[in-house]
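Taking it in order: structure first as C-alpha cells, then the write-up.
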Amino acid sequence: MNVQRLTRTALATALIASFSHAALADTPESVQVPDGHKVALETVGVGAIRYLCDTSDDGAMAWVFKGPSAALNDGDGHQVGSYYGPPATWEALDGSKVTGTQQATAGNGDGNIALQLVKANPAEGKGAMTGVSYIQRLNTEGGVPPNVACDADHKGATAIVTYQADYLFWTAE
C-alpha cells in the first residue's frame with residue numbers, strides 16, 4: 001500500500017511540475033519573472049477576498065479591495081502557509097514571511113482576478129520564504145468584486161468572495 005501511495009504521489013508531483021512549466025510558457029509577458037530566477041516553491045492559494053462598499057479613489061461608490069485570506073497548499077493539498085493582508089503577506093508554516101510590491105498584472109478572463117507579478121521584500125525570519133525575490137499569481141479562478149449593488153444605501157457593506165490561484169515563489173539562481 002505504501003508503494004502504491006508513493007507511486008501516486010510521485011506521479012501527481014510529476015504532472016503538477018509538467019503542467020506548471022507548460023503554464024509558465026503561456027504566461028503573459030507583463031507578469032513573467034526576469035531571467036536569472038528559478039521557482040523555489042509552488043503553491044495553490046484557496047481562500048477568500050474581502051471587499052467593502054465604499055467611496056473609491058475616483059470618488060464613485062464601488063466595491064473596494066480590502067484584503068485576502070487564503071491557505072497556501074502544496075501539490076498534495078497539504079497546507080504549507082498562508083496568504084493574508086493588508087499588507088499582502090505570504091507566510092510559510094515555519095514562520096518565515098514576505099511582503100512585496102506589485103510590478104504588473106494581466107487579465108485572466110471574466111470573473112477571475114488578474115494574474116500578478118510581485119517583487120518581494122526581504123524575508124522576515126528564516127525558512128521557506130528566505131531568498132524569495134518574486135511571487136507570481138497564475139491560474140486565477142474567481143475573486144472579483146460581487147455583482148451586486150454598491151451605492152450610498154449600501155455604503156459599509158462587506159462582501160466575501162472565494163477564489164483560487166497558483167502562487168509561485170522565485171529565488172535568484
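Where a number appears in this text, it was derived from the coordinates with a stated rule and is not lab data. All of these numbers come straight from a predicted model, not from anything done at the bench. All Cβ positions, even for glycine, are placed from backbone atoms using ideal geometry, and neighbour counts span all protein chains on display.
If you bin the C-alpha pair distances of segment 29-172 every 10 Å from 0, what whole percents do you get?
Calculated over all Cα pairs of segment 29-172, the distribution is 12, 40, 32, 13, 3, 0 percent.
What number, in percent, do you get for the relative contact order of the chain if the mean sequence gap of Cα pairs under 8 Å and at least 6 apart is divided by its residue count?
For the chain, the relative contact order is 26 percent.
Ordered by packing density, taken as the mean number of other Cβ atoms within 10 Å over each peptide's residues, highest first, how do 98-105, 146-153 rank?
Listed from highest to lowest mean packing, they are 98-105, 146-153.
Can you grab the distance from the C-alpha centre of segment 28-70 to the C-alpha centre of segment 109-173, Å, no decimals?
Each part reduced to its Cα centre gives a spacing of 3 Å.
Mind checking which of G111, G47, M61 is farthest towards the positive end of the chain's charge dipole, using Cβ charges of +1 (Lys, Arg) and -1 (Asp, Glu) about the Cα centre?
With unit charges placed on the Cβ atoms, the residue in question is G47.
Mind checking which aspartates and glutamates have their C-alpha under 15 Å from K126, skipping anything on the same chain fewer than 8 residues away?
Correct list for K126: E91, D94.
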